[in-house]
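Colleague: Got a structure for you, questions after.
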Amino acid sequence: MPRLPLVTERLALFATLLATFGELHPACDHWVQGSKTASRKRMYGEDLVHADGTPATEDSTRPTMTTSTLGRRAVACHVASYTAVQLGATIAVTRAFGYRVTPAALLAGAAINAGTHAAIDRGALLLWLAKKTGKTGYIEHCQTVRMDDDGKLTREINGPGTAWMELDAALHRAIGIGAAAVTTWLTTRPGAR
């Protein structure tokens, strides 16, 4: 492979990674992630439930877990699928253009995106950041109303059409800049290849 000047190589790789990470985020959140995973990933509490989310009774014979455990499992499932798609697409895109990202760099970028994705999607970190930056009013103001099958209306603070979802996406994309920069630097640093 002919070598480009280092600055050009770094800028091209950074742009490619940034586009791949950023443009895949909505697809992974809305097409790859399952509906049950999306609805369970912010579950907290000590109530006992079954793996399908139904409340456990005292005479339950099926395995149980706390609602917090179910929430952590759901976010782990989402992050695993997100990371698999991100890694596969990054390898496919860069190799299609005749470029190889080093494995260590590829895993570092994926780890940054995966770890922060899990923390943000779980919810507590996003709420903490919103409070620290004065965005709780935005979250409270931009909610949505859903209607169930019986016509009952309920307010939703964190689904499609809410400020929560916009803040979530903005954080993921901003972190993607850092992940792309780290991946680029690790791949192109002296002695990396």
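The values are calculated or read from the model by the stated rules, or taken from the named source; none is laboratory data. Quick caveat, the model's predicted, so the values are computed rather than measured. As a convention, Cβ positions derive from the backbone with ideal geometry for all residues, glycine included, and neighbour counts pool all protein chains shown. These accessible areas exclude ligands, DNA and RNA; they are computed on the full protein's heavy atoms, side chains included. Shrake-Rupley method; radii C 1.70, N 1.55, O 1.52, S 1.80 Å.
Colleague: Considering only the stretch 28-60, state which residues are of a type in the set (Ser, Thr, Tyr) and open to solvent by less than 30 Å² (accessible area, probe 1.4 Å).
Modeller: Across the stretch 28-60, the qualifying residue is only 37.
Colleague: Continuing with the same structure: Look at the stretch 61-75 and say how many of its residues are out of contact with any strand residue (DSSP E or B) (no Cβ under 8 Å at 6 or more places or on another chain) and surrounded by 13 or more Cβ atoms within 10 Å (Cβ to Cβ).
Modeller: The qualifying residues number 6.
Colleague: When you look at residue 58, is it free of Cβ contacts under 8 Å to residues at least 12 places away in the same chain and among the charged types (D, E, K, R), yes or no?
Modeller: Yes, satisfied.
Colleague: Inspect all residues belonging to the stretch 14-25 and state whether any of them is open to solvent by less than 70 Å² (accessible area, probe 1.4 Å), touching a helix residue (DSSP H, G or I) at 6+ places or on another chain (Cβ under 8 Å), at pLDDT below 95 and more than 30 Å from residue 190 (Cα to Cα).
Modeller: yes
Colleague: In the stretch 146-181, what residues are within 12 Å of residue 18 (Cβ to Cβ) and in contact (Cβ under 8 Å) with a residue 60 or more places away in the chain?
Modeller: Those that are within 12 Å of residue 18 (Cβ to Cβ) and in contact (Cβ under 8 Å) with a residue 60 or more places away in the chain: 173, 175, 176, 177, 178, 179, 180, 181.
Colleague: Hey, another quick one. Answer yes or no: is there a residue in the stretch 77-94 that is assigned to a loop (DSSP other than H, G, I, E, B), of a type outside the set (Ser, Thr, Tyr), modelled with pLDDT of 95 or more and surrounded by 15 or more Cβ atoms within 10 Å (Cβ to Cβ).
Modeller: There is no residue in the stretch 77-94 that is assigned to a loop (DSSP other than H, G, I, E, B), of a type outside the set (Ser, Thr, Tyr), modelled with pLDDT of 95 or more and surrounded by 15 or more Cβ atoms within 10 Å (Cβ to Cβ).
Colleague: Evaluate the stretch 149-169: report whether one residue or more is open to solvent by 50 Å² or more (accessible area, probe 1.4 Å), part of a helix (DSSP H, G or I) and farther than 27 Å from residue 114 by Cα.
Modeller: no
Residue-wise test of (1) of a type in the set (Ser, Thr, Tyr); (2) open to solvent by 30 Å² or more (accessible area, probe 1.4 Å).
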| position | (1), (2) |
| --- | --- |
| 103 | no, yes |
| 110 | no, no |
| 113 | no, no |
| 123 | no, no |
| 126 | no, no |
| 131 | no, yes |
| 136 | yes, yes |
| 144 | yes, no |
